[in-house]
Structures are given as C-alpha cells and as structure tokens.
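The structure appears right after this line, and notes come after that.
The values are calculated or read from the model by the stated rules, or taken from the named source; none is laboratory data. Computed from a prediction, not measured in an experiment: that's the story for all the values here. For neighbour counting, all protein chains shown are included, and Cβ atoms are generated from backbone atoms with ideal geometry for every residue, glycine included.
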Amino acid sequence: MASNDSTIPPHAHSPVGMEVPLKTSAPPPEYSDYRGAGGSKKHALLDVFFRVVLFATAVAGIVLLVTSKQTKLIPIAPGLAIFRTGKFSHSPAHIYLLAALSTAALYSIITGLISVFALMKPGGTSAKLKFHFVIIDSLLLGIVAAATGASGGVSYIGLKGNSHSRWNKICDMYDTYCIHVGAAILLSLISSITLLLLVWINVHALSKKIARR
C-alpha cells in the first residue's frame, strides 16, 4: 500500500516565506519634517522681504506727498495776478493718504522686526503669529486701498477737471505738484498690492501647517 505521506519542503511552514514586502510611497518622517521646515523658512523670508518693500514704498510715498508744494502766479483779472500755493494739505483725501501711508510704514517696521526675530527661532514663525498677521494685514490693506482710491479720485479731477460740476483742472498750472501727488498715489498702490501679497503668503503658510497636522 502506498503511503499517503508526502515530502513537504521545510520552508513551507516557515512564517518568513509567507511575508510579502509592502511598498509605500510615503516619505520617511525625517524627510517630511525637513521639507516642512524648509517651506516654512521660505515663507518667513518672503514675509520679511515684502515687509521691507512695504516700508520702502510707504516712506517714499510720504516724502513725495509732503514735498508736493508749488507756488504759481495765477491771473484773476486783466492786469491782475496773485500768488497761489498748491499743497497736499488743501485736500482731505491727500491727508487721509498721508495718514494711511504713515500707519503702513510704522506697521511694517514693527512686524518686520517681529518676523526677523521669529525667523531666528528654531521653530520659525508660529501659526498664531501668522494668524494675527493675516488679520492686521487685511485691515491695513483696506485702509491703504481706500486712501489710494480717494486720493486718486481727487487727483483725477485736478488732472482732467469736471465740466458738469464746473471744477477746473489745475495740473496744467501746478505741474510739479501734480507729479509729486501722482507718484505718491502710484507708490501707495504698490503698497496695497504688497499687503495683498502678504495676506496671501501667510494664508498659504497657515494652510500648509493645517494640512501637515
């Protein structure tokens, strides 16, 4: 009678032979932490850079606005002329622009120093600090953008006039004054765009921190 026993290889009962290596595409934790730290540092450097740009544009706009003063001899009757001075303080919109730019300049100094000190820390800028930056940057963006629009509207009337309201243009006489004010408005617009970029950068950095948790 034939035996029912069959020869079974020794390794068939070995648990080692049953193991199948699993492939995964997830990077090791050390690599993920390194990549996250590198991205955080990049965001912090961009934040500092744009705050320096904000300070430079705001201060340049302030200087141009404060020096926007010109005196001209204006004829008021045949054979009669008087000296009239045009300066930014004659318009409440330009005063508002000066106040907004001054606030932006002071704010950029304070937050720029905070960003530099946070960059020196091992952990980098905290999520709480970024959140505060987003809130205050958004508030200041609204103030500077509103001041830019108000001042730009008044300056456009000075450049083109308004025949319906019988407002005469003045930039044909006060050319230097108008050039200074126009350049200050342009720099204020750049400051507004810079603040918008700061809000976007910090929101993006916050979203990255939330996604890694």
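Values for this structure:
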quantity: Residue check, THR57 more than 30 Å from SER188 (Cα to Cα) and either at pLDDT 90 or above or loosely packed, with under 10 Cβ neighbours inside 10 Å (or both); calculated: no
quantity: Members of the stretch 172-188 found to be buried (at least 17 other Cβ atoms within 10 Å of the Cβ) and either part of a helix (DSSP H, G or I) or modelled with pLDDT of 90 or more (or both), listed by number; calculated: TYR177, CYS178, HIS180, VAL181, GLY182, ALA184, ILE185, LEU187, SER188
quantity: Identity of the residue in the stretch 119-162, surrounded by 14 or more Cβ atoms within 10 Å (Cβ to Cβ) and outside any helix (DSSP H, G or I), that ends up nearest to the chain's Cα centre (by Cα); calculated: THR125
quantity: Residues within the stretch 79-118 that are of a type in the set (A, V, I, L, M) and either farther than 25 Å from THR194 by Cα or not in a helix (DSSP H, G or I) (or both), tallied; calculated: 3
